[in-house]
Every structure is written in structure tokens, then in C-alpha cells.
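Derivation of every value follows stated rules applied to the coordinates shown; laboratory data play no part. As the structure is a prediction and not an experimental result, all values here were calculated from the model. Glycine gets a Cβ as well: all are built from the backbone with ideal geometry, and neighbour counts include every protein chain shown.
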Amino acid sequence: MTIMTQLADRDARAVPYQLPQPAGMVPDMLVPGGAAIECDERLWVPQGDRVWFRPVSFAPEQGFYINYLRVRGAGVLSRHRHNGAVHAFTYRGTWRYLEHDWVAGPGDYAFEPPGETHTLVIPDGVSEMITLFFVTGGYVYVDPQGRAMGYEDVFTKMQAAREHYDRSGLGAGYVDRLIIGRSGKGRLDVSR
Ligand SMILES: [Fe+2]
């Protein structure tokens, strides 16, 4: 007996939507374990000295990606200018931007507006910071005067993950399982 049948037995409201979904809708997706911080270490993609990202999903057709950023130890990470909005949910440790007086800690939500340039810093005494970033558009690495030095977006993140997963033995195709939209390859249990 399915869960839905059991539910329907005791609740007459448990009736699924009866009409077709709209034309053009992309497929839904479930990635079991895909949002777990405690996971196969190979899923953490090295991004620099003591810095890693763990992709949750990529949406190349919509121009955004969701990933955890993990930093071990204090220091300055990067100065960058966003061309899209960012939503940040902090899980461990603290972090801040030199341009603001607030400090984000576990349980905090932060919004980064499109157009803003800021400098990400992990304060002294923080052994590990883990934050989930929902990044729309991309961002440009800049010097203090705003001169461009590089960029990052869903495509650079996907490429970095493909290369690392290929080297680590997970396989470059692993990334396809994390793609939202028609180019995705569906389900994969990444908890094991
Ligand atoms: Fe940022």
C-alpha cells in the first residue's frame, strides 16, 4: 500500500491535482542527501587554500546555482561585484563583509543585492565556516578600485565540479545529476 493510499483512507482531501502541468515546465528533481553537510568528502570541490564548495544544484537554463561554501580558518576570501541577487544561510562559524558592520552566524540569513561590491572575510578565531549560498547571475572578482580580475557563475562552478569529480573518482558525469532543468540527468543518492 502506498503512502498516498494510506492517507486517502483517512483524509478525503488527499486528492492529487487532476489536470496536466503547464506546457514548458521543466522536470522536478530530488537529490537524496543533496543538502547534507556531512557527506562524502569528495563532494567538496577545492576552491583555494582552505576553501571548498559543495554544489547542491546547478541551473544553467536559469542562470543560478546553490552551493555550500566551507572555509577553515580566518582570512580574506575575495572581493567581488554581483550582477544578481544572493541569498545566504549560515550553518557554522561566522563571516562578514568589510563594507558592512554586521556579522553573519549560525541561523542567520543575509541578502546580497545585485550591483554590490564587497569583500568576504572570516573573522579571527573561526575554525570553520559553512554557509549555503543561493547565487543568481554571477560575480566579478575585482581589486579595491573595481577593476575586473576574473569571474564566477553557474558555468564556471559546473566546470570546476566536473574536473574535481573526475579527478576524485566520482566521475565528471556526477554533475549532471545536480542540474535543474532539461539538461539534468535525474536522481542520484549522493549520501553514500
Ligand atoms: Fe558576495
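Among the GluC sites (Glu not before Pro) in the stretch 84-164, those placed in a DSSP loop whose Cβ has at most 13 other Cβ atoms within 10 Å are E99, E128. Taking the Cα-to-Cβ direction at Y151 and at V76 and moving 7 Å from each Cα, how far apart do the two end points lie in nm? Between Y151 and V76, the simple spin-label model gives 2.4 nm. In this Cβ point-charge picture (+1 for Lys and Arg, -1 for Asp and Glu), the stretch 98-165 has a dipole of about 300 debye about its Cα centre.
Result for the chain in a Gaussian network model with C-alpha springs under 10 Å: among V103, V154, V56, the largest mean-square fluctuation is at V103. Share of pairwise Cα-Cα distances greater than 27 Å in the chain is 37 percent (whole percent). Taking Cα centre as origin and charging only the Cβ of basic (Lys, Arg, +1) and acidic (Asp, Glu, -1) residues, the dipole magnitude of the chain rounds to 360 debye.
Label positions at E61 and D40, each projected 7 Å from the Cα along the C-beta direction, are separated by 2.6 nm.
If a/c stays under 1.5 just call it rounded; otherwise compare a/b with b/c (prolate if a/b is bigger, oblate if not). Do that for the stretch 49-147, with a ≥ b ≥ c from the square roots of the Cα gyration tensor eigenvalues. Judged from the Cα gyration tensor, the stretch 49-147 comes out oblate (a/c at least 1.5, b/c at or above a/b).
Estimated from helices alone, the mean residue ellipticity of the chain at 222 nm is -3500 deg cm²/dmol (sum of -39500 (n - 2.57) over DSSP H runs with n ≥ 4, per residue). Rg/Rh for the stretch 123-192 stands at 1.06; both radii use Cα atoms, and Rh follows the Kirkwood definition. The region of the chain that goes longest without hitting one of the chymotrypsin sites (Phe, Trp or Tyr not before Pro) in a DSSP loop, each with at most 14 other Cβ atoms within 10 Å, is 103-192.
Between D101 and S127, the simple label model (points 7 Å from Cα in the Cβ direction) yields a spacing of 3.2 nm.
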